[in-house]
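Have a look at the structure below before the remarks.
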Amino acid sequence: MPARPAAAVSCHVERPLDDRAWSRFAHLQASRPGGLAIAALMRPPDRGAGEDAGRWLVRARAAGARGPFGLHTHWTSPSHARPTGGKVRPAERVAQELEWLRERGLEPTLFAGGGWYVDEAVAETLAAAGLADCTATAFRPPTLAPGSARLGARTPTRPVLRNGARLLELPSTHSVGMLARAVVRPLDVPFVHAYFHATDLVQPLRRAALLVALTALGRGRALPTDLDQLRAEHDEAPETPFADAYAR
């Protein structure tokens, strides 16, 4: 039998103040399906949109107590993930959000860019802050518009940045549908990082498919781990120039 791959799971918590999505996510994260500790990659509150920072902090601290915790940045608005210009550059936004979190006692170890967006300046900011990035994908997400750039990787890697820094990438490899199809047979990949969105959990069919797939993944198809453990294990991952992994 081939060696089972290591497997980790993350959730992009894009609507952390949506009570239905949050309650279902909190329950799933606490239950650890298949023995998998689900990382919460949370979008910070948008004060311009009137989001309640106090409620958000209570939920973020609870999520961080149950599993790995990370930052998920929406570059334009709560409902628009990709950048559309604006006064604040993406790297500056990430730096501001990290500062806001740390001032409130939260220490994110992971990052995922909304709309799968990351650029080299953002990568430099993340590397300087000591975060691992989960924005790279092993496939081109179908939601990306033609010509939209993304970072591509199939296994943990360290893109080399123009300032000489290295940023650890723990790429997202399986969506809900991809994972549900993959676990019906032995996995022939060296690494699994399944991701989903908290809003998937308000859809009964997607929620059921995810639960079945995660349970199968952790109870035989793979070796359960989490993104913080992978972050520690891959600090010497293979290197590649950032430009070589950045594609349209």
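The values are calculated or read from the model by the stated rules, or taken from the named source; none is laboratory data. Computed from a predicted structure; not experimentally measured. No Cβ is skipped: glycine too gets one built from the backbone with ideal geometry, and neighbour counts run over all protein chains shown. The area values use the complete protein model at the heavy-atom level, side chains included, leaving out ligands, DNA and RNA. Shrake-Rupley method; radii C 1.70, N 1.55, O 1.52, S 1.80 Å.
Couple of notes before you dig in:
- Options Gly130, Gly64, Gly115; residue that is farther than 20 Å from His234 by Cα and out of contact with any Phe, Trp or Tyr (no Cβ under 9 Å at 6 or more places or on another chain): Gly64
- Whichever residue in the stretch 154-177 is at negative phi and out of contact with any strand residue (DSSP E or B) (no Cβ under 8 Å at 6 or more places or on another chain) and, among such residues, is most open to solvent (accessible area, probe 1.4 Å): Arg162
- Number of positions in the stretch 222-248 that are over 30 Å from Gly147 (Cα atoms) and either open to solvent by 50 Å² or more (accessible area, probe 1.4 Å) or touching a Pro at 6+ places or on another chain (Cβ under 8 Å) (or both): 13
- Looking only at the stretch 1-54, and only at residues there that are assigned to a helix (DSSP H, G or I) and either β-branched (Val, Ile, Thr) or at pLDDT below 95 (or both), the one that is most open to solvent (accessible area, probe 1.4 Å): Arg47
- Filter result (open to solvent by less than 40 Å² (accessible area, probe 1.4 Å) and out of contact with any strand residue (DSSP E or B) (no Cβ under 7 Å at 6 or more places or on another chain)) within the stretch 190-201: Thr199, Asp200, Leu201
- Here is the figure for the stretch 99-129: residues that are open to solvent by less than 10 Å² (accessible area, probe 1.4 Å) and assigned to a helix (DSSP H, G or I) total 5.
- Residue check for Arg219: among the basic types (Lys, Arg), open to solvent by less than 70 Å² (accessible area, probe 1.4 Å) and either assigned to a loop (DSSP other than H, G, I, E, B) or in contact (Cβ under 8 Å) with a residue 12 or more places away in the chain (or both): no
- Identity of the residue in the stretch 222-242, assigned to a helix (DSSP H, G or I) and either in contact with a strand residue (DSSP E or B) (Cβ under 9 Å, 6 or more places away or on another chain) or β-branched (Val, Ile, Thr) (or both), that ends up farthest from Val183 (Cα to Cα): Phe242
- Restricting attention to the stretch 218-235 and to residues that are more than 14 Å from Ile38 (Cβ to Cβ) and of a type in the set (Gly, Ala, Ser), the residue that is modelled with the lowest pLDDT turns out to be Gly220.
- Qualifying positions in the stretch 120-144 - free of Cβ contacts under 8 Å to residues at least 24 places away in the same chain and farther than 19 Å from Asp226 by Cβ: Arg140, Pro142
- Here Ala145 meets each of (1) open to solvent by 40 Å² or more (accessible area, probe 1.4 Å); (2) at pLDDT 95 or above; (3) aliphatic (A, V, I, L, M); (4) within 23 Å of Pro83 (Cβ to Cβ) with one exception, condition (2).
- Pairs meeting the criteria (first residue in the stretch 223-248 and farther than 19 Å from Glu124 by Cα, second residue in a loop (DSSP other than H, G, I, E, B) and among the hydroxyl-bearing types (Ser, Thr, Tyr), beta carbons under 6 Å, at least 6 apart or on different chains) are Asp228/Thr109.
- Residues within the stretch 65-84 that are open to solvent by less than 60 Å² (accessible area, probe 1.4 Å) and either assigned to a loop (DSSP other than H, G, I, E, B) or of a type in the set (Ser, Thr, Tyr) (or both), tallied: 11
- Positions within the stretch 95-104 being within 23 Å of Asp18 (Cβ to Cβ) and not aromatic (Phe, Trp, Tyr), in sequence order: Glu97, Leu101, Arg104
- Residue count for the stretch 93-137 satisfying the condition of being of a type in the set (S, T, N, Q) and within 23 Å of Gly147 (Cα to Cα): 2.
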